[in-house]
Amino acid sequence: MQTARINQLLTEPACAHNHHHGDKKNRSCSQQAKPGTAQGGCAFDGASITLVPITDAAHLVHGPIACAGNSWGGRGSLSSGSLLFKTGFTTDLSEQDIIMGGEKRLYRSIAEIAQNYSPAAIFVYCTCVPALTGDDIETVCKTARDKLQLPVIPVQAPGFVGSKNLGNRLAGEALLDYVIGTGEPPPLGKYVINLIGEYNIAGEMWNVLPLFAKLGIQVLSKITGDACYREITYAHHAHLNLVICAKALLNVARKMEERYGIPYLECSFYGISDLNQCLRQVARHFGDPELIHQVEVLIAAETEVLEVALAPYRAKLQGKRVVLYTGGVKSWSVISAAQDLGIKVVATSTKKSTAEDKARIKELLGKDGTTIEGGGAQELLDIIKRTKADMLIAGGRNQYTALKAGIPFLDINQERHKGYAGYKGILTLAQELTHALYSPIWAQIRQPAPWEVCHE
């Protein structure tokens, strides 16, 4: 691994963690995973999360089979085209490969994938074992690239180098080094943007793309939700980058600005007010009065329809209290979406949030809101009891905590099957929240068990 690159990514200059701190060390970014504790994934996990949504590429995990098996299919990114990304490939290193070296096995695997699947590209992920034994992944990939006349991209993100977020950024570096800038685009429109850090979880990006199409804004490249390999090669021709999850791929946006002069904006597609603000930001950036007018017309039309559809759900959700336990951009953007529905978020997690995220959280929650710095089932249960929450919105692994507390649960993380972005997503979120809150099962769960009832 290139130590200098790791250090650079841990002290990303565009990251809000590094704003207003002078020369102080950024503990949050450089914190290493501790054995035996849950850190929300390793660097390899973060890299695969970022790149696997490239639909027509093959994704080859160089390491023991468990690295591929434990991470395969864990993220709900959807495709409108190729489904090759759904196929899991691994070199399945054995003890003999570890002793003798796995480079020949890696080359044979690359050649076999190229012959049998004809992928647009092959991403090769270096995991902990070959990184420790010294397999020269980059040389093998270069040799395969030259012989097979196929893009073969090394992704140097073994799990032990750091957190999932660092893996996201290492994947972004692989795109910058080997992919972005290597292709030529189709004819470009007047306004051309890229979406960075949007992974099309549960197809929610498809709720947003039609909005840009109505405004005459061309989405050139999606990095990486529902993306084909070729579209990322010419991402450097866009006029503007929209960074959807800043903590994950901010390094890509910053370096594209440095190399290609493409400015970037940070946006959220969750909630009516944040989505409207995003569309207005884009229009103001291009500075075209006609586009600014079109955005206002679109917002008015979409909002009018949405308000009618949301009315019956708002009546049932008004005043309900929820605890939000997630990370990154969702830690504040979902607060905005919930407040648009009349829901009061009484507590939210800040564990994976940037300094800017935390500032937004405090502003949205107000003085009475609770921030969750640590986490864990017992702390969540205590907060649910103290805040008298009606519901827990969190990742799938926390559903049993909600069940223990006797309150409904909604999955908000990458394993979910419903998309909550865009105007359609807001309506879907309102429907899911209402169905969960008013399910008759909760009245039954809260009743004492028959053996707990005292009979006189």
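Starting from the 7 Å offset along Cα-to-Cβ, what nm value, one decimal, do you get for the label separation of ARG108 and LEU148?
1.5
If the chain between SER273 and ALA309 were fully stretched, how many nm would it gain, using 0.36 nm times the residue separation less the Cα-Cα distance?
Contour length minus Cα-Cα distance gives 11.3 nm.
Determine how many Å³ per residue the convex hull of the Cα atoms of the range 118-189 encloses. Spell out each step's value before the answer.
Values: hull volume 8.3 nm³, N = 72.
Value for the range 118-189: 115 Å³ per residue.
Got a sec? Charge dipole of the chain, +1 on Cβ for Lys and Arg, -1 for Asp and Glu; which of THR371, THR55, ILE153 is way out at the positive end?
Working it through, the farthest residue towards the positive pole turns out to be THR371.
Given a 1.4 angstrom probe, I'd like the percentage of the accessible area of the range 128-233 that is carbon and sulfur, rounded to a whole number.
Answer for the range 128-233: carbon and sulfur cover 55 percent of the accessible area.
How large is the accessible surface per residue of the range 246-313, computed with a 1.4 Å probe and reported in Å² as a whole number?
43
Please turn the phi angles of the range 56-70 into ³J(HN,Hα) values with the Karplus equation 6.51 cos²θ - 1.76 cosθ + 1.60 (θ = phi - 60°), one per residue in order, whole Hz, x for glycine and proline.
Those phi angles translate into 9, 9, 9, 10, 9, 8, 8, x, x, 5, 5, 4, 6, x, 6 Hz.
Report the semi-axes of the equivalent ellipsoid for the chain in whole Å, largest first, where each axis is √(5λ) for an eigenvalue λ of the Cα gyration tensor.
37, 29, 21
May I ask you to derive the FRET efficiency for MET100 and ARG259 from their Cβ-Cβ distance with R0 = 51 Å, giving the value to the nearest 0.05?
On the way: r = 41 Å, r/R0 = 0.80.
Using R0 = 51 Å, I get an efficiency of 0.80.
Based on Cα positions only, what radius of gyration and what Dmax would you give for the range 340-439, in angstroms?
Computed over the Cα atoms of the range 340-439, radius of gyration and Dmax are 13.6, 37 Å.
Just going by the charge dipole of the chain, with Lys and Arg at +1 and Asp and Glu at -1 on Cβ, which of PRO186, GLY287, ALA309 is farthest out on the positive end?
After comparing all options, I get ALA309.
On the protein heavy atoms, probe 1.4 angstrom, tell me the percent of accessible surface of the range 343-443 carried by carbon and sulfur.
About 52 percent, which is the carbon plus sulfur part of the accessible surface.
Hey, with R₀ at 30 Å, roughly what FRET efficiency would HIS435 and GLU363 work out to, going by the Cβ-Cβ distance, to 0.05? List each step's numbers first, then the result.
On the way: r = 30 Å, r/R0 = 1.00.
Calculated value: 0.50.
If you average the sequence gap of Cα pairs under 8 Å that are 6 or more apart and divide by the length of the range 375-456, what percent do you get for the contact order?
Result for the range 375-456 is 23 percent.
Given 0.36 nm per residue, what is the gain on full extension from GLU290 to ILE445 after removing their alpha carbon distance, in nm?
50.2 nm
What whole number of Å gives the distance from the Cα centroid of the range 169-239 to the Cα centroid of the range 372-430?
So the two Cα centres are separated by 31 Å.
Return the long-range amide H neighbours of GLU266 (sequence gap of 5 or more, or a different chain), with a cut-off of under 5 Å between placed amide H atoms.
Answer set, sorted by chain and number: VAL243.
What is the range 56-212's relative contact order, in percent, from Cα pairs under 8 angstrom and six or more apart in sequence?
About 26 percent, as a whole number.
Heavy-atom accessible area per residue, the range 45-112, 1.4 Å probe: how many Å²? Mind dumping the intermediate values first?
Working: 3190 Å² over 68 residues.
Dividing the accessible area of the range 45-112 by its residue count gives 47 Å².
Quickly work out the LYS86-to-GLN339 label distance, labels modelled 7 Å from Cα along the C-beta direction, and quote it in nm with one decimal.
3.9
Run the dipole for the chain about the Cα centre, Lys and Arg Cβ at +1, Asp and Glu Cβ at -1, nothing else charged, and hand back the magnitude in debye, nearest 20.
780
Check LYS320: other-chain or 5+ apart residues with amide H under 5 Å from its amide H, H built from backbone geometry?
Close amide H contacts, sequence-distant or interchain: LYS344.
What residues have an amide H closer than 5 Å to that of THR370, excluding those fewer than 5 places away on the same chain, when H is modeled at 1.01 Å from N in the peptide plane?
Result for THR370 returns ALA347, THR348.
Using only DSSP helix segments of four residues or longer, with each worth -39500 (n - 2.57), what per-residue ellipticity at 222 nm results for the chain after dividing by its residue count and rounding to 500? Please report the intermediate quantities before stating the final value.
Details: 20 runs with 213 residues, N = 456.
Value at 222 nm, helices only: -14000 deg cm²/dmol.
The values are calculated or read from the model by the stated rules, or taken from the named source; none is laboratory data. Predicted model, so just to flag it, every value in this text is computed and none were measured. Backbone-built Cβ (ideal geometry, glycine too); neighbour counts: all protein chains shown. When the accessible area is computed, the model is the full protein with side chains, heavy atoms only, and any ligands, DNA or RNA have been set aside. Shrake-Rupley method; radii C 1.70, N 1.55, O 1.52, S 1.80 Å.
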